[in-house]
Structure formats: C-alpha cells, structure tokens
Amino acid sequence: MHFYIKTTRIDLCFPFAASAAVILMLDKSRTALLIFLCCALHEAGHILLLTLCSAPPDAIILGVFGMRIERGEVCLDYRREAVCALAGPAANFIVLLAALPFARWYPNALKLATLSAGIGVFNLLPVEPMDGATALKSLLLLKYEERTADKIVDIFAVFLLSTLCWAAALPPFC
C-alpha cells in the first residue's frame with residue numbers, strides 16, 4: 001500500500017504492518033509502542049533536516065527490517081550529509097531530554113527516555129549502515145578520497161566490533 005504526503009511517496013509493506021501488529025499484540029509490557037515511537041521520531045529527525053536542506057525524500061519505505069528513506073537526485077555537500085545523518089540520533093537525544101523531567105511522576109517517561117537514548121547511541125555506531133558511519137564517511141570525504149574514507153570507516157567498524165566481542169567474552173564482574 002502506498003500514499004503520498006505532498007510529493008513524498010510512503011510505502012507501507014504488508015510484512016511491516018503484520019509484524020508490527022503481532023509485536024504490539026504480544027507485548028504485555030507496552031514497551032514496543034515506545035520503541036516504535038522512538039524509531040519514528042528518529043526518522044522524523046532525518047526527514048526534517050533533509051527537508052530543511054531542500055532535499056526532501058522521494059519515498060519512505062516501511063519494511064519488515066525498518067524504515068528506508070529514498071532520495072532523489074538532489075545531492076548535499078558532505079557537511080550537510082553528515083548533519084542529516086546525525087539528525088536522527090539528535091532527535092532521540094531531544095526526546096531523552098524532554099522526557100526526563102517527567103520521569104519522577106510517569107514511569108513510562110523514564111522508559112521512553114532510556115529507549116530513546118539507546119536508539120540514539122546505537123545509531124551513532126560507526127558501522128554501516130548506521131548513521132554514525134554515514135556521518136563519519138561524509139566528514140572524511142572532506143579531506144580524503146572515497147576509497148580512503150571507506151577504508152577508515154571499515155577500520156573503525158572492525159575495531160569497535162572486535163572490542164565489543166572481546167568485552168562480551170569477559171567473565172562477569174559479580
């Protein structure tokens with residue numbers, strides 16, 4: 001199913017709708033709804049900045065593995081590309097800051113803040129296809145050729161993932 005918001009096509013794939021419905025029905029803790037909200041606000045951050053940079057998306061595809069933003073022929077310079085990549089995590093951190101003052105009275109506000117922070121930090125990882133890798137590569141392209149920038153991003157990813165695997169293999173401290 002697809003529809004349009006102004007000139008942007010929104011594709012809602014059946015597997016996305018079906019899996020979201022099943023997850024929401026089975027989620028007794030009501031955490032999935034907050035996760036979906038955090039993810040939607042994350043993507044809204046990207047879409048808002050792309051629109052402000054005069055590069056609105058051509059299509060937004062909601063698939064079973066997440067949301068994909070397709071852009072047309074409008075190219076952004078590397079700095080704007082990095083800023084647009086970081087807009088999603090920035091939106092998550094804004095939600096974190098907005099929800100924290102209410103955490104004392106509303107337990108779900110703390111849950112929303114924590115989930116939003118987690119999604120923001122996760123997306124900052126310099127591992128493709130995460131936003132952190134896109135931003136890092138865009139900034140590296142200001143100084144280096146694409147091949148060199150790709151190698152540096154790959155080195156960051158290997159180092160980070162190796163460190164995380166090593167840390168996961170350590171015995172617990174308790």
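The values are calculated or read from the model by the stated rules, or taken from the named source; none is laboratory data. What you are looking at is a predicted structure, and each value in this text was computed from that prediction instead of being measured. Quick reminder, even Gly has a Cβ in these numbers, built from the backbone with ideal geometry, and neighbours come from all protein chains shown. Each accessible area value is taken on the protein alone, full model and side chains, heavy atoms only, with ligands, DNA and RNA left out. Shrake-Rupley method; radii C 1.70, N 1.55, O 1.52, S 1.80 Å.
When we screen 64, 22 for residues that are surrounded by fewer than 13 Cβ atoms within 10 Å (Cβ to Cβ) and at pLDDT below 90, the only hit is 64.
Scanning region 137-169 for residues that are touching a residue at least 24 places away in the same chain (Cβ under 8 Å) and assigned to a helix (DSSP H, G or I) returns 138, 139, 153, 156, 157, 160, 161. Annotation: residue 95 fulfils all but one of (1) at pLDDT below 95; (2) over 17 Å from residue 132 (Cβ atoms); (3) open to solvent by less than 80 Å² (accessible area, probe 1.4 Å); the unmet one is (1). When residue 115 is tested against (1) under 18 Å from the mean Cα position of the chain (by Cα); (2) more than 14 Å from residue 137 (Cα to Cα); (3) in a loop (DSSP other than H, G, I, E, B), exactly one condition is not met: (3).
So, of the residues in region 5-15 that are of a type outside the set (Val, Ile, Thr) and under 16 Å from residue 59 (Cα atoms), which turns out to be farthest from the chain's Cα centre (by Cα)?
Filtering region 5-15 down to residues of a type outside the set (Val, Ile, Thr) leaves 6, 9, 11-15.
After this cut, where a residue has to be under 16 Å from residue 59 (Cα atoms) as well, the list is 6, 9, 11-13.
On the way: 6: 23, 9: 20, 11: 18, 12: 18, 13: 19 Å.
Checking each candidate, the answer is 6.
Within region 47-67, the set of residues being assigned to a strand (DSSP E or B) and out of contact with any strand residue (DSSP E or B) (no Cβ under 6 Å at 6 or more places or on another chain) comprises 63, 66, 67.
Among the listed residues 95, 127, which satisfies the condition of being in contact with a Cys (Cβ under 9 Å, 6 or more places away or on another chain) and free of Cβ contacts under 8 Å to residues at least 60 places away in the same chain? Steps first, please.
Details: 127 fails: in contact with a Cys (Cβ under 9 Å, 6 or more places away or on another chain).
Going through 95, 127 in turn, the sole match is 95.
Candidates in region 99-117 are the residues that are touching a residue at least 12 places away in the same chain (Cβ under 8 Å) and of a type in the set (Gly, Ala, Ser); of these, the one that is surrounded by the fewest Cβ atoms within 10 Å (Cβ to Cβ) is 117. For region 68-83, check the following and say yes or no: at least one residue is touching a residue at least 12 places away in the same chain (Cβ under 8 Å), closer than 21 Å to residue 137 by Cβ, open to solvent by less than 20 Å² (accessible area, probe 1.4 Å) and part of a helix (DSSP H, G or I). There is at least one residue in region 68-83 that is touching a residue at least 12 places away in the same chain (Cβ under 8 Å), closer than 21 Å to residue 137 by Cβ, open to solvent by less than 20 Å² (accessible area, probe 1.4 Å) and part of a helix (DSSP H, G or I).
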